[in-house]
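The values are calculated or read from the model by the stated rules, or taken from the named source; none is laboratory data. Quick caveat, the model's predicted, so the values are computed rather than measured. With ideal geometry, Cβ positions are generated from the backbone for all residues, glycine too; neighbour counts draw on all protein chains shown.
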Amino acid sequence: MPPYAFFHKQFLPLSEAKIGILTHAFHYGTACFEGIRANWDSEQERFCLFRPEDHYKRMLDGCRILKIHLPYSTDELCQLTVELVGKSGYHEDVYIRPLAYKSSETVGVRLHDLEDDFLIIVTTLPPYLGGEGARCCTSSWRRVDDTMIPARGKICGIYVNSALAKTEAWENGFDEAILLSYDGHVSEGSGENIFLVSNGNLVTPSPSDNILLGITRDTVIKLAKNELGVDTIERQVDRSELYLAEECFFTGTAANIAPIVEVDHRPVGTGEVGKITTELQKLFTEVMLGRNPKYPDWYTLLAKS
Ligand SMILES: Cc1ncc(COP(=O)(O)O)c(C=O)c1O
């Protein structure tokens with residue numbers, strides 16, 4: 001069974017889904033996308049699509065920012081996604097990449113008077129940021145501000161900012177970059193939100209620090225409160241707070257909960273993965289497989305086809 005794509009309003013083999021080289025989004029980054037996990041539970045022989053409605057709500061928000069009009073509701077987008085995962089025949093964790101884009105094949109920077117289209121791709125998910133803990137640096141690149149390109153939309157063009165930071169970090173021997181906002185406060189990783197543990201509470205940058213409002217971030221805030229009785233404070237975070245934190249971790253659909261063990265050559269806490277991080281990782285593994293019955297709204301379960 002070949003992997004399929006949803007493209008030009010139909011399901012077809014991924015190898016046949018091609019765009020023209022003049023496509024507007026290819027030249028100007030005028031598109032927004034999502035990354036959704038379908039986690040394969042080998043015991044139950046089923047996929048758990050994790051919070052697909054919330055991902056599509058966020059994508060449709062990005063579409064509003066970019067003036068992209070799609071003829072689908074959130075429910076219809078979820079339905080198309082379930083059908084595509086079923087058709088693609090994988091029995092392992094997969095990553096779903098929906099993308100809404102300016103599809104006109106024309107030259108000219110703008111958002112108006114252009115056609116829109118939408119596609120979905122399903123692919124396998126290589127491990128992202130190893131489990132032993134990430135060694136990070138503060139990036140010399142600053143996070144784009146809401147007045148430049150709104151970071152609360154998962155807008156393709158923004159990812160040049162992330163790519164510059166990620167490659168700089170990698171070339172300097174680190175696993176990941178931590179970007180500061182233009183005014184010098186901690187914003188997020190190149191593709192993850194960031195949390196620290198301070199005086200036993202979780203602290204994370206607030207939405208106005210130019211973060212993507214992560215769905216894993218929201219999941220962690222709720223699990224910490226409901227399951228561990230730990231509150232999360234959303235506020236501005238200084239760079240030096242990362243150096244003094246008891247624990248630190250990233251959250252994201254690709255990274256899950258990824259411990260940070262070093263920032264700018266300083267060990268975080270003891271330099272080992274911390275207690276709260278480990279407890280949250282355990283809780284998160286349960287929910288991402290759809291196994292904790294307290295959170296049914298987060299799961300779309302799909303039995304083996
Ligand atoms: C820049 C950025 N921040 C944060 C996240 C984490 O968001 P989520 O947990 O919804 O995947 C992502 C990944 O989508 C991202 O690209």
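The table for this structure:
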{"item": "Residue list for region 236-253, filter: away from the ligand (no atom under 16 Å from the Cβ), crowded, with 20+ Cβ neighbours inside 10 Å and within 14 Å of Asn193 (Cα to Cα)", "result": "Leu242"}
{"item": "Count - residues of region 43-89 that are among the hydroxyl-bearing types (Ser, Thr, Tyr) and surrounded by 18 or more Cβ atoms within 10 Å (Cβ to Cβ)", "result": "3"}
{"item": "Options Thr232, Thr219, Thr204; residue that is under 30 Å from Glu53 (Cβ atoms) and in contact (Cβ under 8 Å) with a residue 40 or more places away in the chain", "result": "Thr219"}
{"item": "Test: residue in region 169-190 that is in the same structural domain as Cys248 (by TED's automatic domain parsing), buried (at least 16 other Cβ atoms within 10 Å of the Cβ), assigned to a helix (DSSP H, G or I) and within 16 Å of the ligand (Cβ to nearest atom)", "result": "yes"}
{"item": "Boolean, Ile194 is more than 20 Å from Arg58 (Cα to Cα), β-branched (Val, Ile, Thr) and in contact (Cβ under 8 Å) with a residue 60 or more places away in the chain", "result": "no"}
{"item": "Residue match in region 289-299 (condition: within 13 Å of the ligand (Cβ to nearest atom) and either assigned by TED's automatic domain parsing to the domain that holds Ile149 or exposed (fewer than 15 other Cβ atoms within 10 Å of the Cβ) (or both))", "result": "no"}
{"item": "Leu213 vs. criteria modelled with pLDDT of 95 or more, near the ligand (Cβ under 10 Å from one of its atoms) and closer than 24 Å to Met288 by Cα", "result": "yes"}
{"item": "Count of residues meeting criterion [within 14 Å of Pro205 (Cβ to Cβ) and either of a type outside the set (A, V, I, L, M) or more than 13 Å from the ligand (Cβ to nearest atom) (or both)] in region 142-159", "result": "5"}
{"item": "Extreme residue, nearest to Ser208 (Cα to Cα), among residues of region 125-168 that are in a strand (DSSP E or B) and either touching a residue at least 40 places away in the same chain (Cβ under 8 Å) or assigned by TED's automatic domain parsing to the domain that holds Asp54 (or both)", "result": "Arg142"}
{"item": "Some residue of region 107-119 being touching a Pro at 6+ places or on another chain (Cβ under 8 Å), surrounded by 18 or more Cβ atoms within 10 Å (Cβ to Cβ) and in contact (Cβ under 8 Å) with a residue 40 or more places away in the chain", "result": "yes"}
{"item": "Within region 82-119, considering residues that are in a helix (DSSP H, G or I) and under 18 Å from Ala17 (Cβ atoms), the one farthest from the chain's Cα centre (by Cα)", "result": "Lys87"}
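Yes/no matrix, rows are residues, columns are (1) part of a helix (DSSP H, G or I); (2) polar (S, T, N, Q); (3) farther than 29 Å from Trp141 by Cβ:
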{"residue": "Asp218", "(1), (2), (3)": "yes, no, no"}
{"residue": "Ile233", "(1), (2), (3)": "no, no, no"}
{"residue": "Tyr243", "(1), (2), (3)": "yes, no, no"}
{"residue": "Pro259", "(1), (2), (3)": "no, no, no"}
{"residue": "Gly269", "(1), (2), (3)": "no, no, no"}
{"residue": "Gly290", "(1), (2), (3)": "no, no, yes"}
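One line per residue, one yes/no per condition, for (1) assigned by TED's automatic domain parsing to the domain that holds Glu34; (2) within 16 Å of the ligand (Cβ to nearest atom); (3) closer than 30 Å to Glu45 by Cβ:
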{"site": "Leu202", "(1), (2), (3)": "no, yes, no"}
{"site": "Ser206", "(1), (2), (3)": "no, yes, no"}
{"site": "Leu228", "(1), (2), (3)": "no, no, no"}
{"site": "Ala255", "(1), (2), (3)": "no, yes, yes"}
{"site": "Ile260", "(1), (2), (3)": "no, yes, no"}
{"site": "Asp264", "(1), (2), (3)": "no, no, no"}
{"site": "Ile276", "(1), (2), (3)": "no, no, no"}
